[in-house]
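*Asks:* There's a structure below that I have some questions on.
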Number of protein chains: 2
Amino acid sequence: MVVLEYSDQDVNRLFRALADATRRDIVRRTLVADVSVSQLADSYEMSFAAVQKHVAVLEEARLVTKEPHGRERMVRGNPDRIREAQRLLDRFEDLWRSRIDRLDILLAEDDPAPPDT
Amino acid sequence: MVVLEYSDQDVNRLFRALADATRRDIVRRTLVADVSVSQLADSYEMSFAAVQKHVAVLEEARLVTKEPHGRERMVRGNPDRIREAQRLLDRFEDLWRSRIDRLDILLAEDDPAPPDT
DNA sequence: CTCTAATACAACCATTTGATTGTATGATAT
DNA sequence: ATATCATACAATCAAATGGTTGTATTAGAG
């Protein structure tokens, strides 16, 4: 099994990009269907340039890709990157479970019968 | 089934807290075992106050809790909150899948036989 | 009781972030 | 050919972030 490794910077960018409501909304919309930057800009109460920057942050985080289509850029959500984020969180859960497991072993050891007699 | 709702602010804090390598490391360590703030501070190349602030950010995000134990505060990772983050990401995946499903329906409709004759 | 270790908290500072406006460029439609 | 729409990008700015040092408080050790 291939365990992909991520740099701290990379993971920082990923979670940072998700830490903004407008950006999360952009990701949602572009997972459902391809949308141009200007279509996105129409939806939010901020300047075109501001939306453009949010898209750029998402692109750096690889949560979306942009594809030129004539004079507009279609923004496409990247489901793989969402899954990568999920896998990163899975590792945290694994740590927690390993703690519980070790605790169980300890309890099993000194409660009913001493092990390995 | 209960669908919990989160405010944008709450989700922002959650992902923001995860967007820092030191903080992620603190979460990992405190999921594995309870650790005091000063024990944590010893591990990182920064001041005690800086580590204290990171713990505060994690606490605000509810990724850890602090429990007084004598003169020290034990920091404990909160696995439930990790799971909440995972569930938020699941919803993004759901959107993607719904897109695929709709696409499949479209393809099924006009390819082999027209539906509903 | 006194000293010290662990924490809390305020003030400060540099950098980053999230937004703005303005200007430039490229593709389309008329 | 030209006007316009979609985008890119620079400069600017206020607020938030991530770090520092210094001071105060509190609990435990000697």
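*Asks:* Suppose the filter is closer than 18 Å to A:D90 by Cβ and either at pLDDT below 95 or in a helix (DSSP H, G or I) (or both); does B:D10 pass it?
*Replies:* Against the criterion (closer than 18 Å to A:D90 by Cβ and either at pLDDT below 95 or in a helix (DSSP H, G or I) (or both)), B:D10 does not qualify.
*Asks:* Return the residues of the stretch B:23-53 that are within 11 Å of another protein chain (Cβ to nearest Cβ), within 12 Å of DNA strand D (Cβ to nearest atom) and of a type outside the set (K, R); say none if nothing qualifies.
*Replies:* B:D25, the sole residue that qualifies.
*Asks:* With respect to B:R23, is the statement that it is among the basic types (K, R) and either under 19 Å from A:A85 (Cα atoms) or within 14 Å of the chain's Cα centre (by Cα) (or both) true?
*Replies:* Yes: the conditions hold for B:R23.
*Asks:* Could you say which residue among A:L58, A:L89 is surrounded by 10 or more Cβ atoms within 10 Å (Cβ to Cβ), within 16 Å of DNA strand C (Cβ to nearest atom), within 14 Å of chain B (Cβ to nearest Cβ) and not small (G, A, S)?
*Replies:* A:L58
*Asks:* If A:Q39 satisfies all but one of (1) over 22 Å from B:S98 (Cβ atoms); (2) surrounded by 13 or more Cβ atoms within 10 Å (Cβ to Cβ), what's the number of the condition it fails?
*Replies:* Tallying (1) over 22 Å from B:S98 (Cβ atoms); (2) surrounded by 13 or more Cβ atoms within 10 Å (Cβ to Cβ), A:Q39 fails exactly one: (1).
*Asks:* Can you tell me which residues in the stretch A:54-64 are more than 8 Å from DNA strand D (Cβ to nearest atom) and over 14 Å from A:R29 (Cβ atoms)?
*Replies:* Once the filter is applied, which keeps residues that are more than 8 Å from DNA strand D (Cβ to nearest atom) and over 14 Å from A:R29 (Cβ atoms), the stretch A:54-64 yields A:V57, A:E59, A:E60, A:A61, A:R62.
*Asks:* Of everything in the stretch A:30-51, what is more than 8 Å from DNA strand C (Cβ to nearest atom) and of a type outside the set (A, V, I, L, M)? Give them in sequence order.
*Replies:* Result: A:T30, A:D34, A:S36, A:S38, A:Q39, A:D42, A:S43, A:Y44.
Results for (1) loosely packed, with under 12 Cβ neighbours inside 10 Å; (2) of a type in the set (S, T, Y); (3) at pLDDT 95 or above, shown as yes or no for each residue.
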| residue | (1), (2), (3) |
| --- | --- |
| B:A17 | no, no, yes |
| B:T30 | no, yes, yes |
| B:G70 | yes, no, no |
| B:R73 | no, no, yes |
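*Asks:* Here is a follow-up. Name the residues in the stretch B:26-58 that are in contact (Cβ under 8 Å) with a residue 24 or more places away in the chain and in a loop (DSSP other than H, G, I, E, B), would you?
*Replies:* Answer for the stretch B:26-58, where residues must be in contact (Cβ under 8 Å) with a residue 24 or more places away in the chain and in a loop (DSSP other than H, G, I, E, B): B:D34, B:M46.
*Asks:* Output the residues belonging to the stretch B:92-105 that are at pLDDT 80 or above and within 14 Å of chain A (Cβ to nearest Cβ).
*Replies:* Matches in the stretch B:92-105: B:F92, B:E93, B:D94, B:L95, B:W96, B:R97, B:S98, B:R99, B:I100, B:D101, B:R102.
*Asks:* For the stretch A:4-11, does any single residue satisfy the condition of being touching a residue at least 60 places away in the same chain (Cβ under 8 Å), away from chain B (no Cβ under 14 Å) and surrounded by fewer than 15 Cβ atoms within 10 Å (Cβ to Cβ)?
*Replies:* The answer is yes, given that some residue of the stretch A:4-11 is touching a residue at least 60 places away in the same chain (Cβ under 8 Å), away from chain B (no Cβ under 14 Å) and surrounded by fewer than 15 Cβ atoms within 10 Å (Cβ to Cβ).
The values are calculated or read from the model by the stated rules, or taken from the named source; none is laboratory data. Computed from a prediction, not measured in an experiment: that's the story for all the values here. Methodologically, a virtual Cβ is constructed for each residue, glycine included, from the backbone with ideal geometry; neighbour enumeration extends over all protein chains shown.
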